[in-house]
1. How would VAL320, VAL393 line up from fewest to most surrounding beta-carbon atoms within 10 angstrom?
2. Give, in nm to one decimal, the length gained when the segment between VAL63 and ASP266 is fully stretched (0.36 nm per residue of separation minus the Cα-Cα distance).
3. Could you sort out which of LYS37/LYS169; LYS4/LYS249; LYS169/LYS332; LYS169/LYS340; LYS75/LYS169 sit more than 20 Å apart by Cα distance in this structure?
4. At what distance in nm do the modelled label points of ARG327 and ARG41 sit from each other, each positioned 7 Å from its Cα along Cα→Cβ?
5. Multiply the residue gap between ASP158 and ASP399 by 0.36 nm, knock off their C-alpha separation, and tell me the result in nm, one decimal place.
6. In the range 21-215, what percentage of the DSSP-assigned beta bridges are antiparallel, given to the nearest 5?
7. Once you have the Cα-Cα distance between GLU205 and GLU78, take 0.36 nm times their residue separation minus that, and quote the gain in nm to one decimal.
8. Taking 25 °C and 0.890 mPa s as the conditions, I'd like the Stokes-Einstein D for the chain in µm²/s, using the Kirkwood hydrodynamic radius from alpha carbon pairs.
Amino acid sequence: MQRKIVPAASVSGEIGLPGDKSISHRYAMLAAIAQGKTRIRNYSTGADCHSTLGCVRALGIRVEGSGTEFAIEGKGLEGLRAPAADLDAGNSGSTIRMLSGILAAQPFRSRIFGDESLSRRPMRRIMQPLGQMGARIRARQDQYPPLEIEGSPLRPIDYALPVASAQVKTCVLFAGLFAEGATSVLEPARSRDHTELALREFGAEVAVNAGRITVVGRPKLTGRDLAVPSDLSSAAFFLVAALLVPGSKLTIRGVGLNPTRSALLDFLIGMGANIRILDLESRNGELVGDIVVEHSTLRGGAIAGGLTAALIDEIPVLAVLGAATERGLTVKDASELRLKETDRIRTVVDNLRRMGVDAEELPDGMAVPGRQQFRAAQFDSFGDHRIAMAFAVAALRGDGPSAIDGAEAASVSFPEFWETLDAISR
């Protein structure tokens, strides 16, 4: 599907956004292995999170509801059943990586696969620690989906992550729930801690000390009533849109402001962004508040090291913003971007160049000079939701109407994206 976008005179108004994808995945998976009913409000509408619900249903768990509200009837740690067919993770790396930690402990064999894009994403990073715990997993070429998982009793481990990854951490901690004893994960840099918070909400014993996260196995998890905050990663596109377009002022309501995710706001404010947080409160262990953002003149900056890990999902839209800053944006230590739904280093640079923006592709990142003009262009999403949304934002600053091929990719994480963008573009 091709989508046409005209330049905006301003980006203004008030919006609410879908539930956080990372939190939605974790709540659904933990609800399935908790005892009793969990009710989830503001569940993500993205296709990835509905892939997780589909897998949960296929494992014998009753899931009721529609839209953004669901009830999941958990059956405890021993309650899952062998699926009648292969589990379909769709385009969701979160689903296949995190759910594999649960599947590895089951007394049955399962096979989980995904679409063409997911089938190219490496899974050795979860296969290695799960293998140390006693799981037996086979993969295409020893690393790519589909994964064939022969469930077995697991033993606890103390695992040092080679690279910070919230998905791998979650996979190991979820597997540790089924092991007798304590399972620990040592992070080289802090990653998002939604898993630790969600585990505590459901009743697990979790300790965090100097980068080591430990979960005690065989807990009694109990169903809960939960509300998912709005997704800060989705908010990133609208924050950048308001910062890019002169005369803009936008309020985004009920956004998750978890400190392990708020590096985005810290980075933008550090560049000079006019951003305020209102009505901050805690819900189910997660910080939530309203964000007010206004058009600003930004200095530019650099993303490297631990900051790269913290901003990995937002880098495509931040690269767009970088071209409009005073000094531009440099991204390093981001080789993981080449392993996403697309090679995001290459697809970002490709689309920037299409609109006349100078950008250099680096082996592990990119360099985007500042003070550049945005020309109208025909973009390609390359089937990647974050690329589609990032360059929809770029088009708002163009010198004429632009078009995006493969615009439907946005629905993977944010089906309402185009409607929301239209509502605030004046």
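No lab work stands behind these numbers, since they all come straight from the coordinates. Quantities reported herein were computed from a predicted structural model and do not represent experimental measurements. Cβ placement follows ideal geometry from the backbone for every residue including glycine, while neighbour counts extend to all protein chains displayed.
1. Arranged by neighbour count, lowest to highest, VAL320, VAL393 become VAL393, VAL320.
2. Working: separation 203, 0.36 × 203 = 73.08 nm, distance 3.78 nm.
Computed gain between VAL63 and ASP266 is 69.3 nm.
3. Working: LYS37/LYS169 26 Å; LYS4/LYS249 23 Å; LYS169/LYS332 23 Å; LYS169/LYS340 18 Å; LYS75/LYS169 24 Å.
Table pairs above 20 Å Cα-Cα are LYS37/LYS169; LYS4/LYS249; LYS169/LYS332; LYS75/LYS169.
4. 4.5 nm
5. Details: separation 241, 0.36 × 241 = 86.76 nm, distance 5.49 nm.
Length gained between ASP158 and ASP399: 81.3 nm.
6. On the way: 28 of 33 bridges.
So the antiparallel bridges amount to about 85 percent of the total.
7. Working: separation 127, 0.36 × 127 = 45.72 nm, distance 1.84 nm.
Extending this stretch completely gives an extra 43.9 nm.
8. Details: Rh = 21.7 Å.
This corresponds to a translational diffusion coefficient of 113 µm²/s.
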